[in-house]
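The values are calculated or read from the model by the stated rules, or taken from the named source; none is laboratory data. Computed from a prediction, not measured in an experiment: that's the story for all the values here. Please note: Cβ atoms are built from the backbone with ideal geometry, for glycine as well, and neighbour counts cover all protein chains shown. Quick note on the areas: whole protein, heavy atoms, side chains included, nothing else; ligands and nucleic acids left out. Shrake-Rupley method; radii C 1.70, N 1.55, O 1.52, S 1.80 Å.
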Amino acid sequence: MQQLDYNRIPAHVAMIMDGNGRWAKAKGLPRTAGHVEGIARVKQITEESARLGIKYLTVYAFSTENWNRPMQEVETLMNLILTNLEEEIFIKNNVRFRVIGDMSRLSETIRKRLQDCIDHTAANTGMTMVVALSYSSRWEITNAARQIADEVKAGKLKAEDIDDECISRHLTTGLIPDPDLLIRTGGELRISNFLLWQCAYTEFYFTDEFWPDFNVESLHRAIIDYQQRQRRFGKTGEQVTNEE
Ligand code: IPE
Ligand code: IPE
Ligand code: MG
């Protein structure tokens with residue numbers, strides 16, 4: 001078994017936390033029980049990520065498409081998010097909290113709670129935790145295209161100045177560097193509308209473990225796997241070795 005190299009921790013880890021429902025079903029429990037256990041894992045993984053020195057942790061908590069789930073499940077999820085947004089864990093771990101997604105679809109109560117959490121942790125200097133809530137990449141890219149079009153129309157931006165960096169800046173992730181590692185639990189081999197633009201050169205790690213079973217050791221395994229890879233960004237392996 002390879003050891004974790006603390007000098008080569010990925011700066012940005014993104015997570016698709018999938019499999020809560022199936023975890024519960026396998027135990028003969030209601031889906032809600034899976035979501036409750038899933039939230040406990042989020043807290044644990046947040047603490048461990050901060051301890052490892054990860055700079056950004058982005059977690060997919062609720063997608064645009066998840067609004068199409070049965071109303072009762074949506075309500076349960078929103079309530080769980082609301083009641084579990086504890087600032088203490090962020091304060092204790094020097095974590096700055098952020099949210100990306102379509103806030104206009106969230107209730108006033110949740111929006112207020114999220115904003116409080118953002119404000120109260122804004123001065124923290126450790127890891128930034130980004131929660132993707134009511135988020136989808138196509139929603140985000142569409143929005144960015146609209147904003148850019150508006151700026152061109154208003155004469156604030158020239159069409160010929162639209163480049164890679166300009167598009168990145170208009171996404172909800174703004175100046176956050178692209179993820180180095182994307183982990184998806186739950187066994188599905190897809191990205192379900194998450195960070196499509198940002199994951200252009202991200203390393204993917206898929207595990208069959210359901211999210212409620214994903215623990216500190218699972219996170220270490222994913223990072224060790226990541227550390228065995230050579231990221232080439234289009235270059236040859238020899239070029240990359242010579243640059244190191
Ligand atoms: C992930 O678990 C949580 C959310 C999408 C909100 P699921 O609820 O998708 O669980 P499965 O995939 O049905 O097992
Ligand atoms: C992706 O999981 C979204 C989140 C983890 C929040 P889903 O369960 O919604 O993904 P699909 O529907 O299986 O692709
Ligand atoms: Mg799922």
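Okay, here's what the table says:
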item	result
Restricting segment 179-202 to residues that are loosely packed, with under 13 Cβ neighbours inside 10 Å and under 18 Å from Pro10 (Cα atoms), the residue that is nearest to ligand 1 (Cβ to nearest atom)	Ala200
Whichever residue in segment 27-39 is farther than 22 Å from Ile100 by Cβ and touching a residue at least 12 places away in the same chain (Cβ under 8 Å) and, among such residues, is most open to solvent (accessible area, probe 1.4 Å)	Arg31
Residue count for segment 179-195, restricted to those that are outside any loop (DSSP other than H, G, I, E, B) and either within 16 Å of ligand 3 (Cβ to nearest atom) or over 29 Å from Trp211 (Cα atoms) (or both)	3
Subset of segment 203-239 (residues that are open to solvent by 20 Å² or more (accessible area, probe 1.4 Å), in contact (Cβ under 8 Å) with a residue 40 or more places away in the chain and of a type in the set (Phe, Trp, Tyr))	Phe210, Tyr226
Residues that are surrounded by 14 or more Cβ atoms within 10 Å (Cβ to Cβ) and either without any contact (Cβ under 8 Å) to a residue 40 or more places away in the chain or in contact with a Ser or Thr (Cβ under 8 Å, 6 or more places away or on another chain) (or both), drawn from segment 3-21	His12, Val13, Ala14, Met15, Ile16, Met17, Asp18, Gly19, Gly21
Residues being open to solvent by 30 Å² or more (accessible area, probe 1.4 Å) and not charged (D, E, K, R) - total across segment 43-52	1
Positions within segment 26-40 being basic (Lys, Arg) and more than 7 Å from ligand 1 (Cβ to nearest atom), in sequence order	Lys27
Residue in segment 108-130 that is open to solvent by 20 Å² or more (accessible area, probe 1.4 Å), under 17 Å from Ala14 (Cα atoms) and at pLDDT 95 or above present	yes
Pick from segment 53-70, criterion out of contact with any Pro (no Cβ under 9 Å at 6 or more places or on another chain) and away from ligand 1 (no atom under 13 Å from the Cβ), ranking: least open to solvent (accessible area, probe 1.4 Å)	Leu57
Output for segment 152-178, where each listed residue is in contact with a Leu (Cβ under 9 Å, 6 or more places away or on another chain), open to solvent by 50 Å² or more (accessible area, probe 1.4 Å) and in a helix (DSSP H, G or I)	Arg169
Every residue from segment 71-84 that is surrounded by fewer than 16 Cβ atoms within 10 Å (Cβ to Cβ), within 20 Å of the chain's Cα centre (by Cα) and within 16 Å of ligand 3 (Cβ to nearest atom)	Val74
Residues of segment 136-150 that turn out to be open to solvent by less than 50 Å² (accessible area, probe 1.4 Å) and more than 23 Å from the chain's Cα centre (by Cα), as a count	1
